[in-house]
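Asks: Sending over a structure as structure tokens; questions will come in a sec.
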Amino acid sequence: MLDARTALLPYEGTLDTRFAAHLLRRAGFGGTPEMVRALVGAAAGNAVEQLVHFPETTAVAAPEDVFDPSTVYEEYGPRGLRALSDDQRRELQKDIRQSEVRSMASLRLWWLNRMLATPAPLQEKMTLFFHGHFTTAAIEKGVSPLMVYNQNQLMRQYALGNLRELTRGLSKDPAMLLYLDNATNVAEHPNENWARELMELFTLGVDRYTEDDVRESARAWTGWRVLRLTGAAYFEPRLHDDGTKAFLGRSGDFDGDDVVNIIFAQPQCARFFAAKLLGLFVYDNPEPELVDGVAALLEKNEYELAPTVSTILRSNVFYSDRAYRALVKSPVELVVGTYATLGVPQVDPSVLPALRSMGQVLFAPPNVAGWPGGENWLTSQMMIARQNFLAGLVNAQIMGASSWLGGVPMDPPDATHALIGALLQDDASPSSYARLKAYLAGDDTSALAMLNGENFQERIHGAAYLTMAMPAFQLE
Amino acid sequence: MKRARFLLGSLSGIAVVANADHVFARALAAAALPGLPGTENRCLVLVNLQGGNDGLNCVVPHGNSDYYRLRPTLAIPQSQVLAIDAQLGFNPLMTSFKGMYDKGLVAVVQGVGYPNPDHSHFRSTEIWQTAAPDRYEHTGWIGRYFDESDLPESNLFNGVSLAPILPEVMVGSKIDVPAIASEAAYGLRIDRNPMQRDEYTALIHDERLPFTSPYLPHVMEIEDRAQRGSEELPKLIGGYTTNASYPATPLGRSLALAAQIIGSNIGTRVIYVQHGSFDTHVNQVAVQNRLLGEFSDAAKAFYDDLAAHGNDTRVLTMTFSEFGRRIEENGSHGTDHGEGSPLFLIGGGVKGGLYGSTPDLSATNMGNVRFTTDFRSVYATVLERWLGRPSAPVLDGTFEQLAIL
């Protein structure tokens, strides 16, 4: 049972192997056995400190050639574009579309590699969280690759920054303006899409406002535009409704900034984000007292994330049995986490179709609610894709050179302990140890016949896959 | 967003099968149903037109001047409408579908919705799938139908979702429904390596783990079902052949697989497919027309495939969408979230024609089409007259049935 008084107080113990790996998984994407060992014996507070005060990451290379259709429009110029025949225009649109699709694939790979290589994994973890929370899909609705990249950078900039300011920034972000139609929200014909989702999905939750609040908020947000030729956002006062609006119990000639301020002044907003942060770092369906505790932290810190996240990651509840392996890995966490754990430094492009089969394509969430997560990742179809990814990875060429797997001792009992220790922090039963050892030793003679020509190193890779096939590996 | 944690609570009711050897045989034994009389042999196919299909540009009120007044840029010109009568007609891209309607294979139920409509995609989708407008229900109406039925739990394919994510409509506490994105993708790589497969089978049932997790039983259950399903599905449906030509669209592929599953007689009672997104806030005509054309052509190919195998009278296809859209267009050549909209029932067992009241575009609720038929009336009709089960326990109440079946 949760002790609400002590749940958020600092955990006084030092980290053992399991808690060190737990912290690395939750505050990032896990790490090699060596990285886990480096944290063993550390005080939780010190370990968290290193993760929260992350280094400047400007050293991580920017992606190459993020496609920006406005460069094409510029080439033609407004007059040149008008002069195109219908066929030429269709042809141009098709070319642009192809460039966008190619660009998105390289952008996805770039981000996955960044998650893997960054010296600041918590920054990427929060960016990924924001991407699923304040969703935007690329290519749809005129959202260009450059726009989603810029939005991604905005989320990264605010990774542990101020939630209210991030929300404000996103409200004027071209990708968001287009994705939720606020770029076509004008005084004469308000479009409520952004106004509704801002409250329902992003800040308050369903049933925490009235239909009138949606309509009034939509009026406050009128006038924002995106210039198609340049992809830039701007405010057009002529299209803004500057009349009086009644919103969440207040009234005035509100604009969008006022709406954000009023929303973030609602106690429900702090509770909403508190539950989201607990679901990200601790466990799903947190107790109301725990939500209230984190909400109070958010309010005290005026929605600054660094102190709030830091408190969560060093808390007693974070290091409780209830939190340990209590979350399902998302496909991106599974993919990046497996590369990170095995110590393979670069993701293979084949992870892109694999992630699609697992149900998570970056910059293409299923809808504005993002990926529902949790048990929704657990269908038999998605599980097949997860298992096939893991089986494919250990057999790939890329594994040969870089991973610590090459150094696993050539002795069945030692190798069994090395694999289950490194990949599962010993979260397996004695019978599973025995089975894996027998597999490595080739005890099953009929099976040995199947393994014609196989050497021990290949069998290590098979055993590594079987270790990762165990249920614990699917849990975060 | 409220998302129910529905699966965890239900897991205790699902036995984790530790021995995979005899399961294949059991699934086969449970599968043979050809020639059975009555409702036992029937199948329901649900098509989710997700995103909120605009009913007024789908079943077009081309005899109504309000429609043309309120939709200056979006209205379908009268000359293009595939007229059913002087008042109504189908979207011009739905020629195949109109052909089926003319043969009496399609029932159009107009103005379907529910009281106090919710305009959120997520809540309204949840309402349609759980059939519970007035409470937060954790199971879907088909899931509860499964719970109430006596279908064999050993059959892996009582229900099948042809979508990567299991929709809430299929969630129950007894029958677990696999989500199958495509047959090709539904295969475990280690099936090709007998030794690893055996080890995998043993290791995923490791029950004495030194930790607990609310998701652990579910992970184990799904790993088990993934392995059994991947092994069995190709064997169960591999013998089906067809000459039907489906459009090369995601919906075409889904319905082709649905026909294959139905035609293989593996005991599948309900299949879910999805199509969309119909969330046309902007530039609606191009998007919705394309989607309706794809739907129309895929539905026709599906029906023809079923008919060629003699399955057309034992399959009922029903569409649904979380809401219709506003009557008046917005400033972006689109429409915002609305309320009532038409749905379709398709098949050889349907009494074709128009049902329900034609939307009154003047007497409206804040610019929306008021619902005139409760969607639970349609569900009750399908449950009682198609699936042959009492509807009250599933729908938590009694709803008037329609004479469409």
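Asks: Take every DSSP beta bridge with both residues inside the protein assembly as shown and express the antiparallel ones as a percent of the total, to the nearest 5.
Replies: Details: 25 of 47 bridges.
For the protein assembly as shown, the DSSP antiparallel bridge percentage is about 55.
Asks: I would also like to ask the following. Using alpha-carbon pairs under 8 Å, 6+ residues apart, how would you state the relative contact order of the stretch A:1-61 in percent?
Replies: Working: 40 pairs, mean separation 21.6, N = 61.
Once normalised by length, the contact order is 35 percent.
Asks: Taking the Cβ of each residue in A:Ile139, A:Ile420, B:Ile76, B:Ile142 as the centre, tally the other Cβ atoms inside 10 Å and list the residues starting with the fewest.
Replies: A:Ile139, A:Ile420, B:Ile76, B:Ile142
Asks: At 0.36 nm per residue, minus the direct Cα-Cα distance, what do A:Glu34 and A:Asp411 gain on full extension? Give it in nm, one decimal, please. If you can, show how the numbers build up before the last one.
Replies: Working: separation 377, 0.36 × 377 = 135.72 nm, distance 2.05 nm.
Between A:Glu34 and A:Asp411, full extension yields 133.7 nm more.
Asks: Using a Gaussian network model of chain B with C-alpha springs under 10 Å, which one of B:Gln274, B:Gln288, B:Gln78 is most mobile by mean-square fluctuation?
Replies: Highest fluctuation of the listed residues: B:Gln78.
Asks: Percent of Cα-Cα pairs more than 22 Å apart in the stretch B:215-330, please.
Replies: Numbers: 3234 of 6670 pairs.
Distances greater than 22 Å cover 48 percent of the Cα pairs.
Asks: Quick one: grab the alpha carbon gyration tensor of the stretch B:339-405, order the square roots of its eigenvalues as a ≥ b ≥ c, and give me rounded if a/c is under 1.5, else prolate or oblate depending on whether a/b is larger than b/c. It would help to have the intermediate numbers written out before the result.
Replies: On the way: a/c = 3.22, a/b = 1.56, b/c = 2.06.
Because a/c hits 1.5 or more and a/b fails to exceed b/c, the stretch B:339-405 counts as oblate.
Asks: Modelled label-to-label distance, B:Thr241 and B:Glu400, 7 Å Cα→beta-carbon offset: nm?
Replies: Inter-label distance under the simple model: 5.1 nm.
Asks: Can I ask one more? Please give the charge dipole size of the protein assembly as shown, origin at the Cα centre, charges +1 on K and R Cβ atoms and -1 on D and E Cβ atoms. Round to the nearest 20 debye. Walk me through the numbers on the way to the answer.
Replies: Details: 73 positive and 100 negative charges, 169 e Å.
Dipole of the protein assembly as shown, to the nearest 20 debye: 820 debye.
Asks: Now for a different question. What is the pair-distance distribution P(r) of the protein assembly as shown, computed from all Cα-Cα distances in 20 Å bins starting at 0, with each bin given as a whole percent?
Replies: Using 20 Å bins, I get a P(r) of 14, 45, 35, 6, 0 for the protein assembly as shown.
Asks: Let me ask another. Tell me which of A:Met358, A:Gln153, A:Pro372 sits at the most positive position along the dipole axis of chain A, charges placed on C-beta atoms (Lys, Arg +1; Asp, Glu -1).
Replies: A:Met358
Asks: For the residues A:Leu198, A:Leu15, A:Leu280, what sequence is obtained by ranking on other C-beta atoms within 10 Å, fewest first?
Replies: So the residues, fewest neighbours to most, are A:Leu280, A:Leu15, A:Leu198.
Asks: Still on this model: Hey, with R₀ at 45 Å, roughly what FRET efficiency would A:Ala265 and B:Ala202 work out to, going by the Cβ-Cβ distance, to 0.05? Kindly include the intermediate steps, with their values, before the conclusion.
Replies: Working: r = 56 Å, r/R0 = 1.26.
Computed FRET efficiency for A:Ala265 and B:Ala202: 0.20.
Asks: On a 0 to 90° scale, report how tilted helix B:216-237 is relative to the longest principal axis of chain B, with both axes built from alpha carbons and the result rounded to the nearest 10.
Replies: Its long axis makes an angle of about 80 degrees.
Asks: Set Lys and Arg Cβ to +1 and Asp and Glu Cβ to -1, take the dipole of chain B about its Cα centre, and tell me which of B:Met318, B:Tyr240, B:Leu354 lies farthest positive.
Replies: B:Leu354
Asks: What is the fewest-to-most order of A:Thr118, A:Thr244 by other Cβ atoms lying within 10 Å of their Cβ? Intermediate values should be presented prior to the final figure.
Replies: On the way: A:Thr118 21, A:Thr244 11.
Least to most surrounded, the residues fall as A:Thr244, A:Thr118.
Asks: In addition: Cα axis of helix A:331-342 to longest principal axis of chain A: angle in degrees, 0 to 90, nearest 10?
Replies: 40
Asks: Please work out how much length the chain gains when fully extended from B:Ser79 to B:Thr39, using 0.36 nm per residue of separation minus the C-alpha to C-alpha distance, in nm with one decimal.
Replies: Working: separation 40, 0.36 × 40 = 14.40 nm, distance 4.27 nm.
Value of the extension gain: 10.1 nm.
Asks: Once you have a ≥ b ≥ c as the square roots of the Cα gyration tensor eigenvalues for chain B, tell me rounded if a/c is under 1.5, and otherwise prolate or oblate according to whether a/b is larger than b/c.
Replies: Details: a/c = 1.96, a/b = 1.67, b/c = 1.18.
Here chain B falls in the prolate category.
Asks: Once every DSSP H run of n ≥ 4 in chain A is given -39500 (n - 2.57) and the sum is divided by its residues, what mean residue ellipticity at 222 nm do you get, rounded to the nearest 500 deg cm²/dmol?
Replies: Numbers: 23 runs with 259 residues, N = 476.
Counting only the DSSP helices, I get -16500 deg cm²/dmol.
Asks: May I pose another question? Strictly over 26 Å apart at the Cα level, which of A:Lys276/A:Lys329; A:Lys94/A:Lys141; B:Lys300/B:Lys351; A:Lys94/B:Lys98 would you flag in this model? Write down the numbers at each step before the final one.
Replies: Values: A:Lys276/A:Lys329 16 Å; A:Lys94/A:Lys141 15 Å; B:Lys300/B:Lys351 17 Å; A:Lys94/B:Lys98 32 Å.
Going by Cα-Cα distance, A:Lys94/B:Lys98 fall outside the 26 Å limit.
Asks: What residue among A:Gln88, A:Phe67, A:Leu107 has its Cα farthest toward the positive end of the dipole of the stretch A:61-123, where the charges are +1 on Lys, Arg and -1 on Asp, Glu, each on the Cβ?
Replies: Final value for the positive-end residue is A:Leu107.
Asks: Can you give me the relative contact order of the stretch A:146-222 as a percent, contacts being Cα pairs under 8 Å and 6 or more apart?
Replies: Details: 61 pairs, mean separation 18.7, N = 77.
Relative contact order here is 24 percent.
Asks: Separate question: So what is the diffusion coefficient of the stretch B:100-165 in µm² per second by Stokes-Einstein at 20 °C and 1.002 mPa s, using a Kirkwood Rh over Cα pairs? Before the final figure, lay out each step's value.
Replies: Values: Rh = 14.8 Å.
This corresponds to a translational diffusion coefficient of 144 µm²/s.
Asks: Can I ask one more? How tilted is helix A:145-157 with respect to the longest principal axis of chain A? Cα atoms for both, answer in degrees (0 to 90, nearest 10).
Replies: 70
Asks: Treat each spin label as a single point 7 Å out from the Cα along the C-beta direction, and report the A:Ala83 to B:Gln87 distance in nm.
Replies: 5.5
Asks: Could you size up the charge dipole of chain A around its Cα centre, putting +1 on the beta carbon of Lys and Arg and -1 on that of Asp and Glu, and report it in debye to the nearest 20? Each step should come with its number before you reach the end.
Replies: Working: 41 positive and 57 negative charges, 95 e Å.
I would put it at about 460 debye.
Asks: Could you calculate the FRET efficiency of A:Arg5 with B:Phe211 from 1/(1 + (r/R0)^6), where r is the beta carbon distance between them and R0 is 25 Å, rounded to 0.05? If you can, show how the numbers build up before the last one.
Replies: Values: r = 25 Å, r/R0 = 1.02.
Efficiency for this residue pair is about 0.45.
Asks: With an 8 Å cut-off on Cα pairs and a minimum separation of 6 or more residues, tell me the relative contact order of chain B in percent. If you can, show how the numbers build up before the last one.
Replies: On the way: 784 pairs, mean separation 120.5, N = 405.
Computed value for chain B: 30 percent relative contact order.
Asks: State to the nearest 20 debye the size of the charge dipole of chain B about its Cα centre, where the only charges are +1 on K and R beta carbons and -1 on D and E beta carbons.
Replies: Working: 32 positive and 43 negative charges, 86 e Å.
Value, rounded to 20: 420 debye.
Coordinate-derived values only; no laboratory data. Values in this document were obtained by computation on a predicted structure and should not be read as measured data. All Cβ positions, even for glycine, are placed from backbone atoms using ideal geometry, and neighbour counts span all protein chains on display.
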